[in-house]
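Q: Mind having a look at this structure? Questions to follow.
The values are calculated or read from the model by the stated rules, or taken from the named source; none is laboratory data. Note that the structure is a prediction, hence the values are computed from the model and not measured. Glycine gets a Cβ as well: all are built from the backbone with ideal geometry, and neighbour counts include every protein chain shown. The protein model used for the area step is the full one, side chains on, heavy atoms only, and it has no ligands, DNA or RNA in it. Shrake-Rupley method; radii C 1.70, N 1.55, O 1.52, S 1.80 Å.
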Amino acid sequence: MTLRKASGGSMELDECTINPGYQDAEDGGSSADPGERNQDLAEEYTQIKPYAGMPKEVLLLYSSQARYRVPREILFWLIVACTLALVALTVTVIALSPRCLSWWQASPVYQVYPCSFRDSDGDGVGDLKGIQEQLHHFEYLNIKSVWISPFYRSPMKDFGYDVEDFRAIDPLFGTMLDFEELLAEMHNKGLKLIMDFIPNHTSDRHRWFNLSRTGDPHYKDYYVWTDCNATAPKPNNWVSIFGNSSWTYDDLRGQCYLHQFLKEQPDLNFRNPHVRQEIIDIIHFWLGKGVDGFRMDAVKHILEAEHLRNEPQVDPKQPPEDVTTEWDLYHDYTTSQLGLHDMLREWRAEMDIYSREPGRYRFMVTESYDYHEVEKTMMYYGTPQVKESDFPFNFYLLDLPQNPSGMWVKHLVHLWMGNMPKGQWPNWVVGNHDRSRIASSAGQIYVRVINMLLLTLPGTPTTYYGEEIGMENIHVTDSQILDPAGKYNSSASRDPQRSPMQWSDDINAGFNTKSNITWLPVHPDYSSVNVEVQKKEPGSVLAQYRFLSTLRQSELPLHRGWFCYVHADANVFSYLRELEGLGRAFLMVLNFGKESAITDLSSIRELPDQLKVLMSTKQVNSGKVLQKSHIPTEVGEGLLIQYSTHTRFNPTHPDQCYVSEKACYLSAVDILYKC
Ligand code: GLC
Ligand code: MG
């Protein structure tokens, strides 16, 4: 190795870092006195800057000098202090941050009825490939969660709600490969797939039922069987939801089996631990495939009382032989039995095993129509200690058309908000495959204001396919009825709300392009009510839906702020959405009545005197500036008003306001924190 003078005057080590002038003391160095030796070394190396290749002694010599030691110590303690500060900051941020909204809270849930959404192969019935072809529609609407009604193998007596094999796809809808491709493609696009899960019953063609009928020792108690009189098979007065006795005599077994729905849908016996395990295995099967959640069908019917006593009649004077519909009895022994919630909580726990994967929360929503017994519905939220569903469907807004008025809508909204357990997340349903389309039952005039309500209330909105364009029921003549519920009672037919989705003004409304058949007729209004046409019209139902769904996602007050009632009268329902610390809030003024109205909100101190309409469902009124004492709305008009404020309404009106989880906004650093 040679030392050479670099151009800048300093010395550089050439070739390698071995220093032949250095001999380690342990190697038998010649100098006896270490002090003297250090001195020599120091002199020898004064020309060399302290860096790599320097012998230990020299290094020690330099490193103990104050000018190196002090900065080193300062740096050391600085690093310690910074690390501690960072840990403290992280802990504080975690402790102060409100929970992030999960995917099922962040966007509406869109319901696809697979028979009717899009037919890819031209057999007249929608299918999984068809859904995949239309995924861009969800992206366009800013929808992340899609619930698809059942597509399991089924004889289709109840259009898929009668399952023959819980682990197979019905050929009508495609193959398992089609399903896997659909799911993968949805996940690629950031969409979540919620499956329908039907635990209460199977099809009578299910293998379990056949084995049960023949008395197979393992399967004989898979269903609810009882002795009965073959000629008058009514072991008690229980009735099916679709009408008439819920018991059917089976020749082969010589006993009656229970079916709370069709006779082709025998009820499973959940008192049998093998049945409970089968259901859990099926839950695992689909979660293992990657589905993001389940809509649990007809859960209140899962257990029945074992004593099989008659249910009390609503009208005790009604002759017992006339008791044939679900409305004739109090369902004390066939619904909401003890043990039901334990079972759902167990399923929830199974789902949570899969929720531990990062970003893969598995969602559960339950379906239970409890009508006036709202407290029964609320039980599906679980308790603060034990989780159950993320929310039970809220069906109260389905009653909106009964009496459209501001007060009525407030009453329906309050049925949920006033009864929901603290801290839980609300949701809103205005239509599904079982109920008349709201555009038909309420009237076209209210379609936009209903969508505006849905998308500006707190919680998750649910949209049944076609509601985003204001689709209406079709007319189905009695002889055309396909729905089993309609065959029993034509006014209960669900065919009218299941007509093919209206994509365009092409043949069959673009539902299928390969043939001219559709399983139910297309609505005749399809040439004007369809996705393609409405995409081109800025004021269309579709355009307004899209605007509101996007706004809901981007605006903190709308997706996680306070919800406060402001006003309700015969026409108008008004509420506001605000968030502590945020300078802007939203006021909604929605006219559900039968007359146009002028609303005076001058008594609401927190509102500025002048209010600018960000969006009106009547496009001409968007952008108008109104006095708060004089807010005009026409029938079916909804106003979304954005205003600036530093005074919140909720602190002074706690009884009129709700929030699922309180959060405040810190504008200086643009963050949300618990407050
Ligand atoms: C649920 C479904 C309905 C079905 C019934 C029986 O209520 O929504 O369509 O007929 O369960 O499974
Ligand atoms: Mg049952």
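Q: Could you give the length gained on full extension between residue 140 and residue 602, defined as 0.36 nm per residue of separation minus the Cα-Cα distance, in nm?
A: 162.5 nm
Q: Still on this structure: Between the helical axis of 541-554 and the dominant principal axis of the chain, each derived from Cα atoms, what acute angle in degrees is found, rounded to the nearest 10?
A: Result, in degrees: 40.
Q: With every protein chain present, what is the per residue accessible area of the chain (1.4 Å probe, Å²)?
A: 44 Å²
Q: Given a Förster distance of 41 Å, report the FRET efficiency between residue 342 and residue 666 from their Cβ-Cβ distance, rounded to the nearest 0.05. Show your work: numbers first, answer last.
A: Details: r = 43 Å, r/R0 = 1.04.
Computed FRET efficiency for residue 342 and residue 666: 0.45.
Q: Rank 539, 599, 407 by how far each Cα sits towards the positive end of the charge dipole of the chain (+1 on Lys, Arg Cβ; -1 on Asp, Glu Cβ) and give me just the farthest.
A: 599
Q: Round to the nearest 10 and give me the degree value, 0 to 90, for the angle of helix 34-45's Cα axis relative to the longest principal axis of the chain.
A: It is inclined by approximately 80 degrees.
Q: State, to one decimal in nm, how far the label point of residue 445 lies from the label point of residue 82, with both points 7 Å from Cα in the Cβ direction.
A: Reported label-point gap for residue 445 and residue 82 is 6.9 nm.
Q: Would you tell me the accessible area of residue 64, worked out with a 1.4 angstrom probe on the heavy atoms of the protein chains, in Å² to the nearest 10?
A: 70 Å²
Q: Where does helix 176-188 land angle-wise versus the long Cα axis of the chain, in degrees 0 to 90, nearest 10?
A: That helix lies at roughly 50 degrees to the long axis.
Q: Given +1 on the Cβ of Lys and Arg, -1 on the Cβ of Asp and Glu, and no further charges, what dipole in debye does the chain carry about its Cα centre, rounded to the nearest 20?
A: For this selection, approximately 1680 debye.
Q: Ordering 261, 166 by how much accessible area each has at a 1.4 Å probe, largest first, what is the list?
A: These residues rank, largest area first, as 261, 166.
Q: While we're here: At a 1.4 Å probe radius, carbon and sulfur cover how many percent of the accessible area of the stretch 562-673?
A: Of all accessible area on the stretch 562-673, carbon and sulfur atoms account for 50 percent.
Q: I'd like the accessible area for residue 83, computed on protein heavy atoms only with a 1.4 Å probe and all protein chains in place. Round to 10 Å², please.
A: The accessible area comes out at roughly 70 Å².
Q: Give the shape of the chain as rounded, prolate or oblate, defined through the alpha-carbon gyration tensor: a ≥ b ≥ c are the square roots of its eigenvalues, a/c under 1.5 means rounded, and otherwise the shape is prolate if a/b is larger than b/c and oblate if not.
A: Cα axes put the chain in the prolate bin.
Q: Another question, if that's okay. Please report the net charge: other residues with Cβ closer than 14 Å to the Cβ of residue 139, K and R +1, D and E -1.
A: +2
Q: Please give the net charge around residue 279, taking every other residue with its beta carbon less than 11 angstrom from that of residue 279, where Lys and Arg add +1 and Asp and Glu add -1.
A: That sum, taken over residues with Cβ under 11 Å, equals -3.
Q: Provide the per-residue ³J(HN,Hα) series for the stretch 438-449, in order, calculated from phi with Karplus coefficients 6.51, -1.76, 1.60 and θ = phi - 60°, each as a whole number of Hz, with x at glycine and proline positions.
A: Result, rounded to whole Hz: 5, 5, 8, 6, 8, x, 3, 4, 9, 4, 5, 5.
Q: From largest accessible area down, sort 616, 603; use a 1.4 Å probe on the protein chains.
A: 603, 616
Q: Something else about it: Peptides 617-626, 169-178: what's the order by average Cβ count within 10 Å, highest mean first?
A: Working: 617-626: 15.5, 169-178: 17.6.
Descending mean neighbour count gives 169-178, 617-626.
Q: Modelled label-to-label distance, residue 232 and residue 647, 7 Å Cα→beta-carbon offset: nm?
A: Inter-label distance under the simple model: 7.4 nm.
Q: What value, in deg cm²/dmol to 500, does the helix sum -39500 (n - 2.57) over DSSP H runs of n ≥ 4 give at 222 nm once divided by the residues of the chain?
A: Helices in the chain give a 222 nm mean residue ellipticity of -8000 deg cm²/dmol.
Q: Okay, next question. How many nm is it between the label spots at residue 216 and residue 514, if each spot is 7 Å from the Cα in line with the beta carbon?
A: Result: 3.5 nm between the two label points.
Q: Considering only protein heavy atoms, with the full assembly of protein chains and a 1.4 angstrom probe, order 247, 562 by accessible area, largest first. Spell out each step's value before the answer.
A: Working: 247 10, 562 40 Å².
The most accessible residue leads, giving 562, 247.
Q: Once you have a ≥ b ≥ c as the square roots of the Cα gyration tensor eigenvalues for the stretch 562-673, tell me rounded if a/c is under 1.5, and otherwise prolate or oblate according to whether a/b is larger than b/c.
A: Since a/c reaches 1.5 and a/b is larger than b/c, the shape of the stretch 562-673 is classed as prolate.
Q: In a shell of Cβ-Cβ distance under 12 Å around residue 497, excluding residue 497 itself, what net charge do Lys and Arg (+1) and Asp and Glu (-1) give? Mind dumping the intermediate values first?
A: Details: positive: 435, 437, 494, 498; negative: 434, 467, 472, 483, 495.
Taking every other residue near residue 497 into account, the sum is -1.
Q: Can I ask one more? Nearest 0.05, what FRET efficiency do residue 253 and residue 309 give at R0 = 22 Å with Cβ-Cβ as r?
A: Details: r = 23 Å, r/R0 = 1.04.
The calculated FRET efficiency here is 0.45.
Q: Separate question: Let me make sure I get this right: for the stretch 437-522, a, b and c are the square roots of the gyration tensor eigenvalues over alpha carbons, sorted descending. Under 1.5 in a/c it's rounded, otherwise prolate if a/b > b/c, else oblate. Which is it?
A: Oblate is the answer for the stretch 437-522, as a/c is 1.5 or above yet b/c matches or exceeds a/b.
Q: What accessible surface, in Å², does a 1.4 Å probe find on residue 181, ignoring ligands, DNA and RNA and rounding to the nearest 10?
A: Spelled out: residue 181, probe radius 1.4 Å, area about 90 Å².
Q: Explain nothing, just the number: dipole magnitude of the stretch 562-673 about its Cα centre with +1 on each Lys and Arg Cβ and -1 on each Asp and Glu Cβ, in debye rounded to the nearest 20. Walk me through the intermediate numbers first.
A: Working: 10 positive and 12 negative charges, 43 e Å.
Roughly 200 debye for the stretch 562-673.
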